[in-house]
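Worksheet: one structure, shown below.
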Amino acid sequence: MDYETIEIETHDRVALLRLNRPRALNALNARLIGEVADALARFEADPQIGCVVLTGSAEAFAAGADIKELRDKTVAEAYLDDFLARWDGVARARKPVIAAVAGYALGGGCELAMMCDFILAADTAKFGQPEIKLGVIPGSGGTQRLVRSIGKSKAMELVLTGRLMGAEEAERCGLVARIVPADKLVDEALKSARTIAALSLPAVLMAKEAVERAYETPLSEGVRFERRLFYSLFATHDQKEGMTAFIEKRPPKFEHR
Ligand code: HXC
């Protein structure tokens, strides 16, 4: 597939996926969402990729769904086509996806960032769910993921008023993992991604799955789930290698099996 709205680079077991509709502040149209889903499916299937970084430009991670594309939709079109079903490819990825956010992450852009496993924010980042100002509400998980991420009161305020919040507030309330200077954002995200991609892929996938399970289950079931995954890792080559390397005081050579 020839990509028009995204750019891709891969090196050192890491894929960098850059949203690229600069004239529309990376507004998320159907083409872009389709291309992101296609690229992610490729990374998922590629044994040479261990981690993905999703980023935008210095001005915008993404300023939301493409309002020009949405304006004339009818209920029947929206419902029958179920276009939002194509949006959550990032949330379904098994490999880790890091969001590197500079500038605007609004509406569907904020939702897309929240579908990633964690968010690194440039000091220029601005997050918000301004859909209410357009006469609609968040449609791609924003009302749910924001509450789980930052709690009801702040999520409700942002969703009801459409107010934007800056990087410092976003870090304080736990939406972002950490803030980095804007000119270092992609390098820092790639550094984290390379660290993750060099680790044992089965352990990384299970760690992600176990953490995600915390959202979906009561504590006792989550702990049982974690324990089953933990036991199963003793069947991997990389568990023996990782522990042997520690005891022999040398770096491990993970084979991702
Ligand atoms: C389509 C958009 C866009 C969007 C920006 N543009 N955001 N086009 N959809 N969401 C376009 C503008 O039309 C303009 O192009 C160009 O990008 C630059 O934008 P400006 O507004 O001129 O820039 P600026 O004055 O710097 O303001 C930046 C901004 C503002 C504050 C981010 O653009 C803005 O408020 N954008 C909309 C944010 C928003 O409401 N997002 C939620 C969308 S709904 P032209 O060619 O016109 O000059 C949503 C629902 C998700 O996300 C539900 C799941 C699908």
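Since every read-out is calculated from the coordinates, none of them should be taken as a lab result. Keep in mind that what you see is a predicted model, and the values were worked out from it rather than measured. Neighbour counts run over all protein chains shown; Cβ positions are idealised from the backbone, glycine included.
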Checklist entry - So what is the calculated 222 nm ellipticity per residue for the chain, using -39500 (n - 2.57) for each DSSP H run with n of 4 or more, over all residues, to the nearest 500 deg cm²/dmol? => result -13500 deg cm²/dmol
Next on the checklist: Taking every DSSP beta bridge with both residues inside the chain, roughly what % is antiparallel (nearest 5)?
Outcome noted: 25
Next on the checklist: When 1/r is averaged over all different Cα pairs and the result inverted, which Kirkwood radius in Å belongs to the range 134-196?
Outcome noted: 13.4
Checklist outcome for this item: The distance between the Cα centres of the range 70-141 and the range 1-64, in whole Å, is 14
Checklist outcome for this item: Rounded to the angstrom and largest first, Cα extents along the principal axes for the range 61-196 equal 46, 31, 26
Item to check | Enclosed volume per residue, in Å³, of the convex hull spanned by Cα atoms of the chain | outcome: 147
Next on the checklist: Calculate the FRET efficiency for Arg18 and Ile247 from the Cβ-Cβ distance with a Förster distance of 41 Å, rounded to the nearest 0.05.
Outcome noted: 0.50
Next on the checklist: I want to check the label-to-label distance for Asp88 and Ser220. Put each point 7 Å from Cα in the C-beta direction and report it in nm to one decimal.
Outcome noted: 2.8
Next on the checklist: So if the hydrodynamic radius of the range 57-100 is defined as the Kirkwood radius over C-alpha pairs, what does Stokes-Einstein give as its diffusion coefficient at 37 °C and 0.692 mPa s, in µm² per second?
Outcome noted: 253
Checklist entry - Using the scaling law 2.2 N^0.38 Å as the reference, what is the normalised Cα Rg of the range 28-92? => result 1.30
Checklist entry - What are the GluC sites (Glu not before Pro) within the range 184-257 that DSSP puts in a loop, where the Cβ has at most 10 other Cβ atoms within 10 Å? => result Glu248
Checklist outcome for this item: If the chain between Met156 and Gln48 were fully extended at 0.36 nm per residue, the gain over the current Cα-Cα distance would be 34.8 nm
Item to check | D (Stokes-Einstein, µm²/s), Kirkwood Cα radius, the range 1-144, 1.306 mPa s at 10 °C | outcome: 104
Checklist entry - When you take every Cα atom in the range 190-257, what is the radius of gyration, and what is Dmax, the widest Cα pair distance, in Å? => result 13.6, 40
Next on the checklist: I need the semi-axes of the equivalent ellipsoid of the range 120-257: take the C-alpha gyration tensor, multiply each eigenvalue by 5, square-root it, list largest first in whole angstrom.
Outcome noted: 37, 21, 11
Checklist entry - Label-point separation (nm) for Leu233 and Ala182, each offset 7 Å from Cα along Cα-to-Cβ? => result 3.9
